[in-house]
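Each remark here refers to the structure printed beneath this line.
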Amino acid sequence: MEAGFSSAHNLREYKGKCEDLHGHNWMVEAVVRSEKLDSIGMVRDFKDFKMHLNALLEDLDHKYLNDLEPFKKINPTSENIARYIYERLKKQIPDLSLITVWENNTSAATYEE
C-alpha cells in the first residue's frame with residue numbers, strides 16, 4: 001500500500017543543508033505479511049488498510065514536523081518518521097510488516113520489527 005504526505009522539517013544538530021528548514025513530498029509504503037490467507041484469499045482488505053494509513057498520514061500532512069510529538073524530542077529523520085508511522089499503524093493493522101518512507105525518488109528508510 002502506498003500513500004503520501006507533504007511536510008517541512010529540519011534536522012537538529014545536523015551539519016549540512018538539512019539543518020535548515022526544508023520540505024518533502026514524502027511517499028510511504030506499508031506492507032502486511034501473513035503465513036496464511038483468510039477465507040477469501042486476503043491478508044488484509046486494501047480498503048481498510050488504506051483508510052487507516054491515510055488517517056495517520058493526515059496528521060503529518062502540511063505540518064512542520066518538528067512541532068509535532070514525538071519530533072519535539074527526536075529528529076524527524078526518514079528513519080524516525082518510518083518508526084513513528086509503523087508504531088502507530090501497527091495498533092490498527094496487527095499484520096503490518098514494515099514501513100518504508102521515501103523523502104525523494106532515491107532516498108528511503110525502512111522500519112520493521
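A short reminder: the numbers here are calculations on the coordinates, not readings from a lab. Here the structure is a predicted model, which means the values were calculated and not measured. As a convention, Cβ positions derive from the backbone with ideal geometry for all residues, glycine included, and neighbour counts pool all protein chains shown.
Mean-square fluctuations from a GNM of the chain, with a 10 angstrom spring cutoff on Cα atoms, peak among Glu35, Glu87, Glu19 at Glu35.
Only Cα pairs under 8 Å and 6+ residues apart enter the sum, and on that basis the relative contact order of the chain stands at 32 percent.
Other residues lying with their Cβ under 10 Å from the Cβ of Thr100 contribute a combined charge of -3, Lys and Arg counting +1, Asp and Glu -1.
Placing unit charges on the Cβ atoms only, positive for Lys and Arg and negative for Asp and Glu, gives the chain a dipole magnitude near 120 debye about its Cα centre.
Under 19 Å Cα to Cα from Lys90, which lysines show up? Leave out anything in the same chain fewer than 8 places away. Within the straight-line limit of under 19 Å, Lys90 reaches these lysines: Lys36, Lys47, Lys50. With no solvent and one point on each alpha carbon, what is the Debye value of log10 I(q)/I(0) for the chain at q = 0.11, 0.20, 0.22 Å⁻¹? For the requested q values the scattering log ratios are -0.36, -1.05, -1.23. Of interest is the spacing of the C-alpha centroids, which for segment 10-25 and segment 64-113 amounts to 17 Å.
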